[in-house]
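One structure is given below, encoded as C-alpha cells.
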Amino acid sequence: MVGDPFQVPERSPRPDPAPETAGAAADRPAAVAAAPSEHGPVIETRTDFLRAVERIAAGEGPTAIDAERASGFRYSQRAYLIQVFRRGAGSFLFDPPAIRSDGGDLHELDEAIGDGEWIIHAASQDLTCLREVGIDPRTLFDTELAARLLGMERVGLGAVVEELLGIHLEKAHSAVDWSIRPLHEDWLEYAALDVELLVDVRDALRERLVRDGKDGYAAEEFAATLERDFNPPKTDPWRRMSDLHTVRGQRNLAVARELWLARDAYAQEIDTAPGRLVPDKSLSAAARVLPASKRELAEMKEFNGRASRTQLDRWWAAIERGRTTEDLPQVRVPGDALPPLRAWAERNPDAHARLVPARESVAELAEQLSIPVENLLTPETLRRIAWAPPSPATPEAIGDALQALGARPWQIALTAQRISESFSPA
C-alpha cells in the first residue's frame, strides 16, 4: 500500500439510507453497502507510529479501537493488527509485531488518550491483547454490551451497524489468518470499516440507553468489564480437552495429560494453534486405546492431524511418559461446581424448590426490561444463591450474597427483592 498515513483525506459522504418502508421495517433505515474505507497504509515503524499518535491525540471525542488476532491459526492470542479511528484524525492501521520489533510497545497511544473514552465492540475479546501491547483503557463504551442491554436481537457488529445506521458491512474476513504478511487490501478495507463506524454506532446506542433509562446500567457494566481479568491462570487446563470424559482410569488420564502437554509445548514453540497439529479427539482416542507401540499409534485412524505422523516420536514419547509416571491424576477433581440441574430435585429438593420460581421471576423481569436474562443476572449466580441462600433470605441478605458473587448494584437493585420473595414460599 502507498500513501501518507498522516494525511487525513476528505471524507467521502456515505450513501444515505433508503427511504423507510411500511410496517416493522419503518423503525430502521433500509440497509445500503458501506462506502469504501479511507485508511492509509499499514503503519509498521515506531517513527510512523509516534507521528500517528500525535494526529490521534489532536482529534476530538471518543476513540474507536479494534484488534485482529489469528485465533485458530496461531498459539498466541496477540494482536496482529490494531485499527484506530477518531474524529478529526481519521483511520489508522497499526502492525503491532512490526512496531514492537522496532523497539517498545504501543503505550504512547494509551497515554495520548488518557482517561478519554475508548469504544470497543465486544471488549472482552480484545482487552487482553490490547493490554499486552500497552493499551489499557480507563473509560470504556462497549457497543456489543450496550446492544445487549437494549434488547437488540442480534448484537454482532455487522447486525448492529445495519440496524442503527442502515449500512451493510461485509464480514467475510472475520476468520482469516491475520498473522500473514502482506495483508490483503480487501482484508484491510474490512478491518478499517470496523472502527470507522463505531463512533456513530456509539452515539446512536447512547441515545437509546438514555431514552430507556439504561445508561446507568451500561456504565456499571462497562466499568466491571474493565476490572475483569479475561486470562486468569487455569488449573489442569488439559482437563478441558474434548472427549476427555470418554477416557477412563488414572493411567489413561495420565497419558491424555502427557499428550496434551507435549502438544501444547510444541504448539507454543512454533506458534501454531494446538488443534491444527493434532485435534483433541485424537489425543483422547490414543489415551483410551493406549497403543502398545509407535507403529500401532501410527496405524490408528482416529489419531490424525497434520502433525500426527511428522511428530510421531514426540507423541510416542508422551505416551510412554504417561504409561510409566507415578504422578497419576485423580479421576475426579474436587471443586465448587454445582451439580447438574437434573439432579437438584433429588440431591437438594429445597434448593430446587427455591430455584424454579426465582428463575421464572427473573426471566419475567428480563422480558419486561427487554434485557437478556443472562445480562440481568447470570444463571450461575442465581443457582448459587438458590443452592446456599443466606438465612434469613431477606432482600438485604440476598443483595449482599449477590454482591459477593460479583453482581453489579443495578442488578442487585432489580433482582434481590424478587429472589427473596420467590424463596419465601419454599
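Every number in this text was worked out from the coordinates using simple rules, so none of it is lab data. Nothing here was measured: the structure is a model prediction, and the numbers come from that model. No Cβ is skipped: glycine too gets one built from the backbone with ideal geometry, and neighbour counts run over all protein chains shown.
When a/c reaches 1.5 or more, the comparison of a/b and b/c decides; with that in mind, is the range 341-423 rounded, prolate or oblate per its Cα gyration tensor?
The shape class here is oblate.
If you keep only loop residues by DSSP, which chymotrypsin sites (Phe, Trp or Tyr not before Pro) in the range 304-372 have at most 11 other Cβ atoms within 10 Å of their Cβ?
Working: sites: 315, 316, 344; in loops: none.
Passing both the DSSP loop test and the Cβ count: no residue.
Place a +1 charge on the Cβ of each Lys and Arg in the range 49-127 and a -1 charge on the Cβ of each Asp and Glu, then give the dipole magnitude about the Cα centre in debye, rounded to the nearest 20.
Values: 8 positive and 13 negative charges, 62 e Å.
So the dipole magnitude of the range 49-127 works out to roughly 300 debye.
How much of the DSSP bridge set in the range 23-227 is antiparallel, in percent, rounded to the nearest 5? Please report the intermediate quantities before stating the final value.
Values: 12 of 21 bridges.
Within the range 23-227, antiparallel bridges account for around 55 percent of the total.
Please state the charge dipole magnitude for the chain, taken about the Cα centre, from unit charges on C-beta atoms (+1 on K and R, -1 on D and E), reported in debye and rounded to the nearest 20.
In debye, rounded to 20, the chain gives about 2180.
Can you grab the distance from the C-alpha centre of the range 106-164 to the C-alpha centre of the range 65-105, Å, no decimals?
About 14 Å separates the Cα centre of the range 106-164 from the one of the range 65-105.
Computed over the Cα atoms, what is the radius of gyration of the range 162-308 divided by 2.2 N^0.38 Å, N being its residue count?
Normalised by 2.2 N^0.38 Å, the Cα Rg of the range 162-308 equals 1.57.
Given H placed on each backbone N at 1.01 Å, which residues far from residue 117 in sequence or on other chains put an amide H within less than 5 Å of it?
Those qualifying (amide H under 5 Å, at least 5 residues apart or on another chain) are 63.
Suppose a student asked you for the relative contact order of the chain, using Cα pairs under 8 Å spaced at least 6 residues apart; what percent would you report?
13 percent
Which of 343, 307, 191 moves the most in a Gaussian network model of the chain with Cα springs under 10 Å?
343
Suppose a student asked you for the relative contact order of the range 23-227, using Cα pairs under 8 Å spaced at least 6 residues apart; what percent would you report? Before the final figure, lay out each step's value.
Values: 341 pairs, mean separation 54.6, N = 205.
Taking the mean separation of contacting Cα pairs over the length of the range 23-227, I get 27 percent.
Given the rule -39500 (n - 2.57) for each run of at least 4 DSSP H residues, summed and divided by the residues of the chain, what is its mean residue ellipticity at 222 nm, to the nearest 500 deg cm²/dmol?
Details: 20 runs with 206 residues, N = 426.
Rounded to the nearest 500, the figure is -14500 deg cm²/dmol.
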